[in-house]
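Only one structure is covered here, and it is reproduced in the block below.
The values are calculated or read from the model by the stated rules, or taken from the named source; none is laboratory data. From a predicted model like this one, the values you see are computed outputs, not experimental measurements. Here the Cβ is made from the backbone with ideal geometry for all residues, glycine too, and neighbour counts use every protein chain on show.
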Amino acid sequence: MVVQVAGEVDPTTMPRVRQATQEALKGAVAPFPVVLDLSEITVAGDECLDGLVALHQQARAQQTPLRVVAAGSVLGALTAGGVDRILSIHATLSAAIRFVTPAREVTTDASGRPECPSDAPRTGWLGSRPRRTARREPLRIESTARGDVVVVAPSGVLDLVGYGQLRSMLIKLALEVPRALIVDLGQLVVPEDTSLVVFTSVWKEVSEWPGVPVHLVTTDAGMRVRLRRNRIVRYTPVHDTIDQAIAELDHPPPWRRMVFTLRRGNTGGTTVRRHVERACRRWACVDTTVADATVIAVELVENAVGHTGGDVRLRLELRCGKLFISVHDNASTPAPTIKARHTRTRLDLPEVERLAHSWGSVPAFPHGAVVWATLPT
């Protein structure tokens, strides 16, 4: 059974892709596979990666092979997100259909029942008796502040339900722009490697903006092996202790930040331009960066004021070789998360589109939205 997808996979379309694939999985008869053909899609965001992880777990639970067809930039996104290590990915539809999973020889005992070989896993093998699983401990997430660093300590089982819960909480905490997020894995139970992709997914979501680094802490050798095997360590450094992780944060260049509250009636271009030039001159930015940042900031502020009519907050940050410009409004309803370069939205920001290295919008907590842009320095 083949599910073919074309166009963009974003927060509005991914539910339809998941529904269609779930219906195919329900109608499939093992061992015949379900093939999800993504060769015609143009954009695969984080929602696509998270959806594929959930579909993989569902397919595995019902013992139906799920194969994915991907190439080009979509394959690059799946590889960067680490999901290529858990999915069966193929370059063409014909290759996915022809692919045959290597079979394991099945022997029988004296009564004719399948006999599990000594080297076979006790679950997931034809003929093995299902192992009783312990009662699921709900995921609990605690966060504490260590200076300007947020330490997150999840405990319990990280499964399909906990995946979304942990991802949402980490992104929410990152949007408060701490110096770093440190996740202590000491009390976390992770039955499946697929769930570890949550850390790569969060990194992809927050690395561009707000640019908050994510560090992991564990002393468990087995967990370290799993993190390396699934290439999580390429994006999120792993440390033995929380103190070691905090000490490591002191090595990057200084993080410079200036925040300006623009009251209603005082949000004109002259005021915004003065704030931007003041910050950029203090940080010794080159003239072209100052000019581009000024144009971007003015347009972002005008967009926020035009939609809310109230006070806005302009934030300028210089770190990791980039200038971050963001405007936080206080609208009563949050804006949807968007990737402005790839999604048509109500935002009309031609100068930001022309000048910024990257830009977008995310909901703010507890309400409002943040529209952001970055410039190389």
For this session: Provide a single number: the residues in region 68-87 that are more than 23 Å from VAL233 (Cβ to Cβ) and at pLDDT below 85.
Result: 4
For this session: Could you list all residues from region 79-94 that are closer than 16 Å to VAL3 by Cβ, among the hydrophobic types (A, V, I, L, M, F, W, C) and touching a residue at least 24 places away in the same chain (Cβ under 8 Å)?
Result: LEU87, LEU93
For this session: May I ask you to say which residue of ILE182, ILE242 is within 17 Å of the chain's Cα centre (by Cα) and either surrounded by 18 or more Cβ atoms within 10 Å (Cβ to Cβ) or at pLDDT 90 or above (or both)?
Result: ILE182
Exercise. Among the strands (runs of 3 or more DSSP E) confined wholly to region 2-77, which include 1 or more residues that are hydroxyl-bearing (Ser, Thr, Tyr) and surrounded by fewer than 18 Cβ atoms within 10 Å (Cβ to Cβ)?
Worked result: 34-44
Exercise. Does THR261 meet the test of being surrounded by fewer than 13 Cβ atoms within 10 Å (Cβ to Cβ), at pLDDT 80 or above and assigned by TED's automatic domain parsing to the domain that holds GLU299?
Worked result: yes
